[in-house]
Amino acid sequence: MDNFATDIKKYLEKIFGNTIDEASERQIYQALMVITRDRLAEKRFESNKKLKESQQKRVYYMSMEFLVGKTLRNNLYNLGYEDEIKHFLAKHGFSLERIYNIEPDPGLGNGGLGRLASCYMDALTSNDYPIMGFSILYEFGIFKQVISDGWQQEYPDNWLDLGRYGLLYRNDEEIEVKFYGNTKEEWSSEGLHIRYEDYTAIKAEPYDLFISGYDSDTVNVLRLWKSKATGGFNMKLFEKGEYSKSLESEAIAESISKLLYPADDNDNGKALRIKQQYFFTSASLQQIVKNHYDTYMTLDNFAEKVVIHINDTHPSMCIPELMRILMDEYEYSWDKAWSITTKTFAYTNHTIMAEALEKWSVDLFQPILPRIYTIIREINNRFCKWCNDIGAAGELDEMSIIHNNVIRMANLCIVSSYSVNGVSMLHTEILKKDTFKSFNRIYPGKFINVTNGIAHRRWLGQANPELTRYLNKLLGVDFIKDLSSIDKLLEYQDDKAVLEDLENIKNIKKLQLAEYIKSSTAIKVDTNSIFDVQIKRLHEYKRQLLNALHIIYLYRMIKFNGLKPYPRTFIFSAKASSGYVMAKNIIKLICSISEIIEADPIVREYIKVVFLEDYRVSLAEKIIPAANVSEQISQAGKEASGTGNMKLMLNGAVTLGTMDGANVEIHNAVGQDNIFIFGLSSEEVEELFKNDYRAIDYYNNNQDIKETIDFMRTLDNGHTNFNYIADYLVSTDPYMCLADFESYKNTQKIVEDTYQDKGKWNKMSLVNIAKSGIFSADRATKEYVEKIWKIEKIK
Ligand code: F55
């Protein structure tokens with residue numbers, strides 16, 4: 001530690017010419033980021049040495065998204081320096097908390113899928129497993145959301161400005177990725193060779209982010225690729241005297257890693273998205289193959305030493321890319337290459353929604369990636385032929401990889417991977433019985449379930465140190481190290497003192513959040529009210545609209561029918577994809593309700609609505625510990641798993657949810673009495689859908705629904721009215737908010753009544769905390785390790 005302090009001083013002197021007492025917070029921040037990164041690099045050297053010596057199998061985790069969250073606190077905490085640095089800085093008049101706040105939240109992901117990838121990197125590193133992540137160094141992460149007059153506006157997130165100090169540029173490992181051009185087949189005495197001509201090459205520059213583990217010697221790496229024009233590419237034009245064009249082509253090359261697509265449901269058929277996917281998968285695969293070859297001087301044992309995990313279909317071009325490298329660069333035959341490839345890949349599916357399953361039109365795809373396209377076509381031809389042979393030709397409409405001139409990436413992944421997994425029990429069942437039922441028939445045993453998990457070190461340890469300290473002391477266990485014995489807490493479920501302590505901690509967290517709400521929205525909330533939280537991407541299927549409709553119902557009942565409910569604060573936070581009109585309208589609706597209530601001296605005594613802008617990891621860390629109610633109200637069958645549900649449960653919130661995704665497992669864990677379940681089951685949803693759901697019937701036959709929707713039409717906040725949304729609810733809403741409204745409303749009443757029985761509520765909350773052990777990412781990644789990857793800890 002002496003060293004760390006000395007290093008800080010030296011850095012400040014060398015880079016800024018300042019003593020510590022002259023330095024600014026910004027300078028201290030930079031010093032801490034750089035020194036921490038360098039310490040991790042040293043530690044990485046040691047753990048890498050062991051890994052090289054042991055020659056053990058490793059996992060490469062491919063994901064278009066990693067939502068890492070702020071890194072500095074996590075790293076100092078894991079390295080065990082936090083307390084000492086805090087004191088050292090305090091001695092010189094600096095607050096480490098304020099320094100932490102300078103770090104931008106790297107928003108290299110949209111939501112659940114990206115955050116899951118980071119939770120898994122953290123957990124695997126803490127448990128000493130050899131894993132390396134690969135993704136893109138987006139210059140702009142997910143947009144910064146600003147709410148202006150209730151409307152979402154998007155601003156660029158220039159996170160590298162201050163975020164770059166955590167990255168290490170590895171200029172020794174640059175790689176070229178090739179696009180466009182033509183392929184030519186050439187036969188010689190040695191066989192067929194593919195010549196790739198007139199291509200455009202782009203440089204991939206690697207930037208490494210080190211992932212530290214808690215109480216572990218391991219440091220893993222997340223490698224992020226940045227696109228750069230290759231020198232030669234521009235020079236050609238330059239020589240022709242077209243200097244400005246040479247800069248244009250440079251800009252095009254560099255646009256590949258410019259920004260994260262802010263959509264979490266579909267790819268929109270954009271050429272740039274194809275280029276992003278191929279850019280990062282090709283660079284990564286070339287790197288992985290080269291490393292392997294340099295170590296073993298052969299690729300014959302590739303599948304024994306390497307697992308490549310693909311996080312949804314976004315990195316699926318890894319598959320034809322490995323085939324290409326094996327055949328075109330290392331002269332493997334198709335059959336040998338295919339045998340290696342199909343033992344190397346494992347695929348996780350995160351959605352069953354048809355519009356979210358990636359499809360690329362051949363016409364768009366082929367010119368950009370001509371060689372990759374011929375390989376996919378050949379995989380498909382051979383697969384179709386095999387289906388013919390085994391008598392499955394009748395199901396090729398469902399299973400072929402290329403169909404009606406579109407490439408179905410999920411089908412490519414299923415055919416080429418040795419393992420396919422869903423992310424919750426229900427989701428995996430739907431994959432097997434419905435979405436991919438023919439595949440499940442021809443590949444028995446290939447489909448398995450691994451229910452998602454969360455990094456409890458961040459979501460309990462760092463987000464809620466008050467609760468962590470309390471539990472550790474009460475139970476005499478280090479839960480940061482190991483969450484699995486947290487069910488010891490159950491012994492205290494009837495202990496009044498413990499229940500009260502837990503309530504007090506919740507109140508502290510509610511107070512902290514109330515402060516934040518006041519500073520960011522000017523709304524003063526009552527911390528005795530129920531904090532009812534719905535935080536997640538804004539989507540019709542997640543049904544923020546059902547929640548909003550119920551609030552409008554309450555508003556009307558309080559204002560005109562003398563209802564006096566127990567006070568409640570409804571907290572929302574959500575980003576909408578920038579082109580998603582309905583989602584943006586729903587945000588506007590929620591913000592309008594918030595304003596209308598604030599302006600009403602009677603209603604605001606009972607209910608308040610808060611919309612917190614710019615939902616992101618660091619905001620989630622503030623909201624989750626303060627929640628009493630966790631709204632998980634998606635239409636049953638639509639939410640693959642959910643992970644916010646687990647984070648909220650771990651922090652003592654009680655779930656109000658449908659039997660969807662991992663809510664089912666939460667229900668199984670806590671039991672009927674410690675969760676509020678409502679609404680149609682996924683089978684009932686399917687039934688109703690087949691039998692022509694008629695929303696208007698619910699409107700006509702249910703007085704509360706009718707009055708609420710009629711009232712909604714009268715809400716007019718300035719120039720906006722909500723007829724558009726009301727029309728949708730009574731006609732085309734495929735997520736059937738009205739079908740679940742009555743059940744939701746009744747269950748909300750039960751929530752309210754239960755909350756007033758403090759003893760009962762606190763006990764429910766305790767049981768939720770106690771039963772959350774199975775949702776640790778330690779458990780989830782252990783299942784990946786044992787069931788899919790078959791890897792061992794670094795020796
Ligand atoms: C991002 C980009 C595209 Cl093109 C498509 C989807 C996404 C994305 O972010 N998906 C996503 O977040 N899916 C979620 O994954 C979570 C982790 O498995 C699940 O818990 C959640 O149910 C699912 O919606």
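The values are calculated or read from the model by the stated rules, or taken from the named source; none is laboratory data. Bear in mind the structure is a predicted one, so any value in this text is a computation, not a measurement. Positions of Cβ are generated from backbone atoms using ideal geometry, with glycine treated the same way; all protein chains shown enter the neighbour counts.
Consider the stretch 264-288 and keep the residues that are of a type in the set (A, V, I, L, M, F, W, C) and either free of Cβ contacts under 8 Å to residues at least 40 places away in the same chain or over 30 Å from Lys57 (Cβ atoms) (or both). The one that is surrounded by the fewest Cβ atoms within 10 Å (Cβ to Cβ) is Ala271. Applying the condition of being part of a strand (DSSP E or B) and among the hydroxyl-bearing types (Ser, Thr, Tyr) to the stretch 186-218 and asking which residue is modelled with the lowest pLDDT yields Ser188. The lone criterion from (1) in contact with a Ser or Thr (Cβ under 8 Å, 6 or more places away or on another chain); (2) farther than 28 Å from Ile558 by Cβ; (3) charged (D, E, K, R) left unmet by Arg616 is number (1). The single residue among Glu248, Glu186 that is touching a strand residue (DSSP E or B) at 6+ places or on another chain (Cβ under 8 Å) and away from the ligand (no atom under 16 Å from the Cβ) turns out to be Glu186.
If only residues of the stretch 240-263 that are assigned to a helix (DSSP H, G or I) and among the hydroxyl-bearing types (Ser, Thr, Tyr) are counted, the one that is surrounded by the fewest Cβ atoms within 10 Å (Cβ to Cβ) is Ser244.
Please work out if Leu51 is buried (at least 23 other Cβ atoms within 10 Å of the Cβ) and under 28 Å from Ser776 (Cα atoms). In short, no. Among the residues of the stretch 91-116, those that are over 20 Å from His539 (Cβ atoms) and within 16 Å of the ligand (Cβ to nearest atom) comprise Pro106, Leu108. Restricted to the stretch 1-100, the set of helices (runs of 4 or more DSSP H) holding at least 3 residues that are β-branched (Val, Ile, Thr), more than 28 Å from Thr218 (Cβ to Cβ) and free of Cβ contacts under 8 Å to residues at least 12 places away in the same chain is empty. Scanning the stretch 584-604 for residues that are of a type in the set (A, V, I, L, M, F, W, C) and surrounded by fewer than 21 Cβ atoms within 10 Å (Cβ to Cβ) yields Ile596, Ala599, Ile602, Val603. Considered as a group, the residues in the stretch 466-494 that are farther than 24 Å from Thr125 by Cα and of a type in the set (Phe, Trp, Tyr) include one that is farthest from the chain's Cα centre (by Cα), and that residue is Tyr492. Only one of the numbered conditions (1) of a type in the set (Gly, Ala, Ser); (2) surrounded by fewer than 15 Cβ atoms within 10 Å (Cβ to Cβ); (3) closer than 30 Å to Glu197 by Cβ is not met by Ser148, and that is (3). Pull up the stretch 117-139, narrow it to residues that are among the β-branched types (Val, Ile, Thr) and touching a helix residue (DSSP H, G or I) at 6+ places or on another chain (Cβ under 8 Å), then point me to the one that is nearest to Val68 (Cα to Cα). Per the stated criteria, the residue is Ile136.
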